[in-house]
Every structure is written in C-alpha cells, then in structure tokens.
Amino acid sequence: MAVPALREHLALLLSVAGHVVKQTEEQRLGEAVDLTVREQVALTAIAEGAPTQLAIAQKAGLDKSTLIPVLDQLERKKLVERRPDPADRRARVVTMTPAGRRVLTRSAPVVAAVEEDLLADLTPDEREQLRGLLQRVVEGRMTRVSVPGSCL
C-alpha cells in the first residue's frame, strides 16, 4: 500500500482544520465576549440541558480534568453557578446565570462569522455535507470508543 501524500493525510487535514478554526474562534470570541472556545462550548452544553459537570464534559467532548478549570473561570466571570446535586452528593449541578445566557447569545454570531469566513470557498450544500459527514464520524466513534483527553 502506498503512503498517502500529505495533502491526503486525514489526520493532518483534520488537525490543521481544527487548529485554524479553534485559533480563529478563540481570538474573535475573546475580543467580542471575553470567552474561550472551551468556555463557549461548555455554556452551549449547559444551554442544551447538560445538568452536571460529568454531563457537560461528555456533551462537550472535554475531559473532566479539563472541564473543571473552565467551569472555575465561568464561575469567576459570574456566568455559571455550581451547587451540590441533591440526588448525588458527589455530583455538582451547573446552571447558567442570566449573564451567562446573555454572553452565550452574543457569542453565537461570532461563531457563525468564523464558520462563514473559514468555509467561504464552499457552497451552502457543501458546508451542510461537510458538517453532516463530520457529525457522523464523531458520533459513530464516540458511541464505540472512549476517546481519552479533551478534543478542544
């Protein structure tokens, strides 16, 4: 079997694309709403109904040890609150504050603008196809394999 050319190497392509997206989003989110990508993703997971630290980590693709400092920072910024889970004293329930909801709402157009800029060379159909294919790959692997560490 022939070695694939670098421009066809899937791991490299996904890694470079992910790095470019994350770095661009990191800069623009920081300037616009003082959030990191991890903070924005954690807030989104909470908004989508992940009630505990463990559920947020799973939904956001973050390792638990990575998530805790993210939640610490969000709590310092008064964007989330954590309380012991009455049903499980070991777990912590995380809720978004009104300020957190406002910041998350303001972050959405920033994320959309980054995607628009980075995918400008693709047609709307190609963008939808790319997103759908990536979702299938990610969802398929996440149900079959535990991926160590954080994705972001």
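Within a 10 angstrom radius of the beta carbon, how do Leu118, Leu43, Leu6, Leu29 rank from fewest other beta carbons to most? Don't jump to the answer; show the numbers that get you there.
On the way: Leu118 14, Leu43 25, Leu6 8, Leu29 21.
With the fewest neighbours first, Leu118, Leu43, Leu6, Leu29 line up as Leu6, Leu118, Leu29, Leu43.
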TODO: Between Lys77 and Glu115, with labels modelled 7 Å along Cα→Cβ, what's the label distance in nm to one decimal, could you check?
DONE: 2.0
Open item on the list: So if the hydrodynamic radius of the range 1-82 is defined as the Kirkwood radius over C-alpha pairs, what does Stokes-Einstein give as its diffusion coefficient at 25 °C and 0.890 mPa s, in µm² per second?
Closed with: 171
TODO: Let me know the Rg and Dmax you get for the range 68-132 when you use only its Cα atoms, in Å.
DONE: 17.4, 50
Task: Check: the range 1-91 dipole with +1 on Lys, Arg Cβ and -1 on Asp, Glu Cβ, in debye - done: 200
Open item on the list: If you take mean projected area of the Cα convex hull in nm² from the coordinates, which of [x] 17.3; [y] 11.0; [z] 8.2 do you get?
Closed with: [y]
Open item on the list: Take Ala17 and Ala2, extend 7 Å from each Cα along the Cα→Cβ direction, and tell me the distance between the two endpoints in nm.
Closed with: 2.2
Open item on the list: Can you tell me which aspartates and glutamates have their Cα less than 14 Å from the Cα of Lys78? Leave out same-chain residues fewer than eight positions away.
Closed with: Asp34, Glu39
TODO: Sticking with the crude label model, points 7 Å out along Cα→Cβ, report the distance from Ile68 to Thr24 in nm, one decimal please.
DONE: 3.5
Task: Alpha-carbon centroid distance for the pair the range 73-123 / the range 1-28, whole angstrom - done: 26
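Taking the Cβ of each residue in Asp72, Asp125 as the centre, tally the other Cβ atoms inside 10 Å and list the residues starting with the fewest. Please report the intermediate quantities before stating the final value.
On the way: Asp72 12, Asp125 8.
Listed from fewest to most nearby Cβ atoms, that is Asp125, Asp72.
Computed from the coordinates by the stated procedures, all read-outs in this text should not be read as laboratory data. Just so it is clear, the structure is predicted and the values come from calculations on it, not from any experiment. Note that each Cβ is placed from the backbone with ideal geometry, even for glycine, and that neighbours are counted across all protein chains shown.
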